[in-house]
Amino acid sequence: MTASGTFGYGEEFMDFFDISCLGGVLVKGTTLEHREGNAYPRMAETPQGMLNAVGLQNKGVHYFADHIYPRIKDYDTHMLVNVSGSTIEDYIKTAEVVNELDKIPGIELNISCPNVKEGGMAFGTSCPSAVSVVEAVRKVYKKHLMVKLSPNVTNIAEIGAAVEGAGADSISLINTLLGMAVNAKTRKPVLSTVTGGLSGPAVKPVALRMVWQVSQVVKVPIVGMGGIMNATDAVEFMLAGASAIQVGTANFIDPCVTAKIVEGLEQYCQEHGFDRVSDLVGALEV
Amino acid sequence: MKKYIDDFKVIKNERLNYEYVILTLQHPGKLPAMMPGQFVEVRVDNGPNTFLRRPISIHDIDEANNTMKLLVQEIGEGTRLMGQLKEGDNCNLVYPLGNSFSLPEKPRVLLVGGGCGIAPLLFMGRHLKANGIEPQFLLGARTEEGLIALEAFRALGQVHTTTEDGSVGTKGYVIHHPVMRTHEPEIDMIYTCGPEAMMKVVAKYARNHNITCEVSLENHMACGFGACLCCVADTIDGHKCTCTDGPVFDSTYLKW
């Protein structure tokens, strides 16, 4: 799958490859109301990674349903909507709108965006608040409910177990790690928001560790992500316990990377005697 | 306009001075159509600190030979690595990206460039000339050494210059040049690219004299094709991606 916020609505990649080879596309983070996002500059390149502070720029779920959904609904892959909010009420109302869209088989509940002042990550950093938002959305959302976890917590396994208990059908992780970049020449922060979310290969060891830890305590499938640049990285996440993976930042560097990873996974299985890609899941020999 | 990802071959690396090079890149087949103002995203693979592609303006196109020129100013690690590319090296591009300059409704046009911002103006000058319009250029730099590729511009039209130290042309910034001091300018359209402070004063001059002005922004980008939403410009319609809604904007559309 492609990670939310790194693949637009899929349309942006049509010139580069046929997205029907993907398991799914997570569309840009969607909120109840239109959001302008944060001021420029929103991005800083860092060693083996990047910081972003886009701040969930999107036109709101009603615009999505009326204008974007009709364009993308017949794409030959699973189009999942990443749902974000500032209050539980926001999450519920947004999920209700998406629930009515026939061709959207699931949502990814984003309780982990570090770039929105009034919420987002706040829900994903404590068990009670994570449980409350997942339970509330579970009541109104009838299809697949994936919950995306924040790595900015002390005990990720505890949060994973809590959202599973609250009704999540799957768990995706990790969202970006809260970070910061400083310009020594200007003596100013690089980002307009001072802090932002770190992604790319720099976060991969953290992401792998968290996937591993959550896989030890939950039964629902885990969707692993965090710095996956190639098929070997994807294999590593699956061995650590992920049933599927998302690719994010790598899409910016090679827009065809996801198609290459799909091919590379098959090739790995052939070369290493696995009949099915799913046989890799949790096959780590500790 | 369809986007591509291809390996080009470096066939020439011409060093202009201590900070500028012009790379000539050979397309593996038939170079697709591109418009002046568009840019490419160059992959730089050599170090941990050059993780993202670098957005670079298309400086010139040679359709007959399927080559493209990029003017590169070495301002950081990524552009320095690009400056070290040698004949025969591969250079992976995502291209062509962004919108383009529009053709003017009236024929009297001035193209104003500062520093590396002159890059897209050569391609635009050639495009104007091909459409029967004689462009005038106003190019500014800190010193004489920073005024680059002048001969290529002179082949297309009249070239005015300014330098901050007065070593050549009018002393000062582009806005100090006589063509921009007159109260009744004989200009119908301005195209400008360069430092934002320069473009802002050029845009202000254009607005004060009822001249249409298109500016090409150089906002930092990650993807270059509308997926990451990192490069936004503040416009009267809210945040717009410099990579897909720009890089060329009518100056009155920006909240400047």
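Quick note: the coordinates plus some simple rules give every number you see, no bench work behind them. All values reported here derive from a predicted model rather than from experimental measurement. With ideal geometry, Cβ positions are generated from the backbone for all residues, glycine too; neighbour counts draw on all protein chains shown.
The charge dipole of the protein assembly as shown, taken about the Cα centre with unit charges on the Cβ atoms of Lys, Arg (+1) and Asp, Glu (-1), comes to about 920 debye, rounded to the nearest 20. So what's the angle, to the nearest 10 degrees on a 0 to 90 scale, between helix B:119-130 and the longest Cα principal axis of chain B? It works out to around 70 degrees. Each label was represented as a point 7 Å from its Cα along the Cα-to-Cβ direction; for A:ARG71 and B:ILE11 these points are 3.7 nm apart. Here the label points at B:ILE236 and B:GLN84, each 7 Å from Cα along the C-beta direction, are separated by 4.8 nm in the simple model. Of the trypsin sites (Lys or Arg not before Pro) in region B:1-101, the ones in a loop by DSSP (not H, G, I, E or B) with at most 13 other beta carbons within 10 Å are B:LYS2, B:LYS30, B:LYS86. The aspartates and glutamates whose alpha-carbon is closer than 16 Å to the alpha-carbon of A:LYS188, local same-chain residues fewer than 8 away aside, are A:GLU45.
Comparing B:ASN13, B:PRO247, B:LEU150 along the charge dipole axis of chain B, the residue lying farthest to the positive side is B:PRO247, per the Cβ-charge model. Once the C-beta distance of A:GLU158 and A:ALA39 is scaled by a Förster radius of 25 Å, the resulting FRET efficiency is 0.10 to the nearest 0.05.
Computed from point charges on the beta carbon alone (+1 for Lys and Arg, -1 for Asp and Glu), the dipole magnitude for chain B about its Cα centre is near 180 Debye. Of the residues A:THR154, A:THR125, A:THR94, the one that moves most in a GNM of chain A with alpha-carbon contacts below 10 Å is A:THR154. Potential lengthening of the chain between A:LYS188 and A:SER20 amounts to 56.1 nm, from the contour at 0.36 nm per residue minus the alpha-carbon distance. Which one, B:PHE225, B:LEU128, B:GLY88, projects farthest toward the positive side of the charge dipole computed for chain B from Cβ point charges (K/R +1, D/E -1)? Positive-most Cα among the choices belongs to B:PHE225.
In region B:4-97 the Cα-Cα distances spread across 5 Å bins starting at 0 as 3, 14, 27, 29, 18, 7, 2, 0 percent of all pairs.
Considering only A:ILE111, A:ILE253, A:ILE245, the Gaussian network model of chain A with Cα springs below 10 Å gives its largest mean-square fluctuation to A:ILE253.
Could you work out which residue, out of B:PHE51, B:PHE225, B:PHE137, moves most in a Gaussian network model of chain B, that is, has the largest mean-square fluctuation with Cα springs under 10 Å? In this elastic network of chain B, the residue with the biggest mean-square fluctuation among B:PHE51, B:PHE225, B:PHE137 is B:PHE51.
In degrees between 0 and 90, to the nearest 10, how far off the longest principal axis of chain B does helix B:196-208 point, with axes built from Cα atoms? Between helix and principal axis, roughly 40 degrees. Within the straight-line cut-off of under 18 Å between alpha carbons, the lysines reachable from B:LYS86 are B:LYS9, B:LYS12, B:LYS69, sequence neighbours fewer than 8 places apart in one chain being disregarded.
In whole percent, what relative contact order does region B:109-216 give with Cα contacts below 8 Å and a gap of six or more residues? Computed over region B:109-216, the figure is 28 percent.
If a/c stays under 1.5 just call it rounded; otherwise compare a/b with b/c (prolate if a/b is bigger, oblate if not). Do that for the protein assembly as shown, with a ≥ b ≥ c from the square roots of the Cα gyration tensor eigenvalues. Prolate is the answer for the protein assembly as shown, as a/c is 1.5 or above and a/b outweighs b/c. Once the C-beta distance of B:MET1 and A:THR232 is scaled by a Förster radius of 45 Å, the resulting FRET efficiency is 0.85 to the nearest 0.05. Note on region A:72-141: with charges restricted to the Cβ of Lys and Arg (+1) and Asp and Glu (-1), its dipole about the Cα centre is near 160 debye. Of the GluC sites (Glu not before Pro) found in region B:100-203, those in coil by DSSP whose Cβ has at most 13 other Cβ atoms within 10 Å are B:GLU105, B:GLU186. Its relative contact order, with pairs defined as Cα atoms under 8 Å and 6+ residues apart, puts chain A at 17 percent.
Here the protein assembly as shown carries DSSP beta bridges of which approximately 55% are antiparallel, counting only pairs with both residues inside. Quote the FRET efficiency, to the nearest 0.05, computed for B:LYS200 versus A:VAL206 with a Förster distance R0 of 45 Å and r equal to the Cβ-Cβ distance. Once rounded, the FRET efficiency stands at 0.60. For the pair region B:209-249 and region B:28-56, the centres of their Cα atoms are 18 angstrom apart.
How high is the relative contact order of chain B? Use alpha-carbon pairs under 8 Å, at least six apart in sequence, and give a whole percent.
Working: 588 pairs, mean separation 44.2, N = 256.
Relative contact order here is 17 percent.
For region B:58-92 and region A:246-277, write down the distance between their C-alpha centroids in whole Å. Region B:58-92 and region A:246-277 have Cα centres spaced 30 Å from each other. Quick check: the distance between the Cα centres of region B:96-127 and region A:115-191, to the nearest angstrom? For region B:96-127 versus region A:115-191, the Cα centre distance is 45 Å. Taking label positions 7 Å along the Cα-Cβ direction at both B:ASN208 and B:ASN65, the computed distance is 4.4 nm, reported to one decimal. Of the residues A:VAL257, A:VAL140, A:MET14, the one whose Cα sits farthest towards the positive end of the charge dipole of chain A is A:VAL140 (charges of +1 on Lys and Arg Cβ, -1 on Asp and Glu Cβ, taken about the Cα centre).
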